[in-house]
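K.L.:
Following this message is one structure expressed as structure tokens.
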Amino acid sequence: ERTSQNQSTPLNVSSATLAGVEASLSGSVGRWAHLTTAFTWLHARDETRARALPLRPPISLYARLSGTSDAFELVDRVAGFVDVEYVAESYADPANLAVIPGRARVGFGISVTLLERHVSLEVVLRDAFDARGVDILGLPLTGRSFVGSLTLRD
């Protein structure tokens, strides 16, 4: 359970049910398109109180679709992606009174490699729609953010 100091501590219950399924799927269409997904369903119930166990979201999902294109005039490779992360609402306390809201975050990215693969430029936009949200301890997550990198190789 979550403590008043925003930490997580173990909680003993006399009877609980934990059941779940995890699955992933990954596939490609040639060398240019790739899909990666991961899904978790969790049934975590405190049978004594007939409530959900705290800090256990019942559903989480991640999906990423990426594409790559080779050889333009000066560009060796262009790659891009879109990804989605979803975490369902859960509870912060054993009584299920304090709700941790669910969240869905979308990101985009593109990378360009040029000059015979000696130079790479990558730009990533995380949480594109500024959904923000909080983690399981109720701490705020970073909102929209940009990351850029330039890599030079010999």
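The values are calculated or read from the model by the stated rules, or taken from the named source; none is laboratory data. Keep in mind it's a predicted model, so treat the numbers as computed, not measured. Ideal geometry is used to build each Cβ from the backbone, glycine not excepted, and the neighbour counts take in all protein chains shown. These area figures cover heavy atoms from the full protein model, side chains too; ligands, DNA and RNA do not enter into them. Shrake-Rupley method; radii C 1.70, N 1.55, O 1.52, S 1.80 Å.
K.L.:
Count charges around ALA128 for me, please; just the other residues with Cβ under 11 Å from its Cβ, Lys/Arg as +1, Asp/Glu as -1. Intermediate values should be presented prior to the final figure.
P.N.:
Values: positive: ARG105, ARG126, ARG144; negative: ASP83, ASP127, ASP130.
Taking every other residue near ALA128 into account, the sum is 0.
K.L.:
Would you please give the residues with an amide H less than 5 Å from that of ILE59, counting only those at least 5 places away or on a separate chain, with H modeled from the backbone geometry?
P.N.:
Here the answer is LEU42, ALA88, since their amide H atoms fall under 5 Å of that of ILE59.
K.L.:
Between SER24 and ARG51, what FRET efficiency comes out of the Förster formula 1/(1 + (r/R0)^6) with R0 = 25 Å and r the beta carbon distance, rounded to 0.05? Walk me through the numbers on the way to the answer.
P.N.:
Numbers: r = 30 Å, r/R0 = 1.19.
Given R0 = 25 Å and the Cβ-Cβ separation, E is 0.25.
K.L.:
At R0 = 30 Å, how high is the FRET efficiency between ALA95 and THR36 if r is their beta carbon distance? Nearest 0.05 is fine. Walk me through the numbers on the way to the answer.
P.N.:
Working: r = 38 Å, r/R0 = 1.25.
FRET efficiency, ALA95 to THR36: 0.20.
K.L.:
Any idea what % of Cα-Cα pairs in the stretch 1-114 are farther than 25 Å? List each step's numbers first, then the result.
P.N.:
Numbers: 2846 of 6441 pairs.
Beyond 25 Å sits 44 percent of the P(r) for the stretch 1-114.
K.L.:
Let me ask something else about it. Please state the charge dipole magnitude for the stretch 82-154, taken about the Cα centre, from unit charges on C-beta atoms (+1 on K and R, -1 on D and E), reported in debye and rounded to the nearest 20. Each step should come with its number before you reach the end.
P.N.:
Working: 7 positive and 10 negative charges, 28 e Å.
With Lys and Arg at +1 and Asp and Glu at -1, about 140 debye.
K.L.:
What longest region of the chain stays clear of trypsin sites (Lys or Arg not before Pro) that DSSP places outside H, G, I, E and B and that have at most 14 other Cβ atoms within 10 Å?
P.N.:
Values: sites that count: ARG31, ARG117, ARG132, ARG144, ARG153.
Longest site-free region, per DSSP loop and neighbour criteria: 32-116.
K.L.:
Okay, moving on. How big is the C-alpha Rg of the stretch 69-154 next to the rule-of-thumb value 2.2 N^0.38 Å, as a ratio?
P.N.:
Values: Rg = 18.7 Å, N = 86, 2.2 N^0.38 = 12.0 Å.
Output field value: 1.56.
K.L.:
What is the extension gain from TYR62 to ALA104, computed as 0.36 nm multiplied by their sequence separation minus the C-alpha to C-alpha distance, in nm to one decimal?
P.N.:
Values: separation 42, 0.36 × 42 = 15.12 nm, distance 0.97 nm.
That works out to 14.2 nm of additional length.
K.L.:
Within the stretch 41-85, whose backbone N sits under 13 Å from a point 7 Å along Cα→Cβ of ALA16?
P.N.:
43-57
K.L.:
Assigning unit charges at the beta carbon (Lys, Arg +1; Asp, Glu -1) and nothing else, what dipole magnitude in debye, to the nearest 20, does the chain show about its Cα centre? Intermediate results must be reported in sequence, preceding the final value.
P.N.:
Details: 15 positive and 17 negative charges, 60 e Å.
That gives a dipole near 280 debye.
K.L.:
Say R0 is 41 Å: what FRET efficiency, to the nearest 0.05, do ARG153 and ASP130 get from their beta-carbon distance? Don't skip to the end; give the middle numbers.
P.N.:
Working: r = 34 Å, r/R0 = 0.84.
My answer for the efficiency is 0.75.
K.L.:
Next up: Could you point to the residue in SER14, SER28, ALA63 farthest towards the positive end of the chain's charge dipole, with +1 and -1 charges on the Cβ of Lys/Arg and Asp/Glu respectively?
P.N.:
Of the candidates, SER14 comes out farthest on the positive side.
K.L.:
Rounded to the nearest 20 debye, what is the charge dipole size of the stretch 62-112 about its Cα centre when +1 sits on each Lys and Arg Cβ and -1 on each Asp and Glu Cβ?
P.N.:
My answer is approximately 100 debye.
K.L.:
Please go through the stretch 34-85 and write out the GluC sites (Glu not before Pro) that DSSP classes as loop and that have at most 10 other C-beta atoms within 10 Å. All intermediate terms of the calculation are to be shown ahead of the outcome.
P.N.:
On the way: sites: GLU47, GLU73, GLU85; in loops: GLU47, GLU73.
Of the GluC sites (Glu not before Pro), the ones in loops of the stretch 34-85 whose Cβ has at most 10 other Cβ atoms within 10 Å are GLU73.
K.L.:
Let me ask something else. How large, in percent, is the carbon and sulfur part of the accessible surface of the stretch 1-102 at a probe radius of 1.4 Å?
P.N.:
Numbers: 3670 of 6540 Å².
That fraction is 56 percent.
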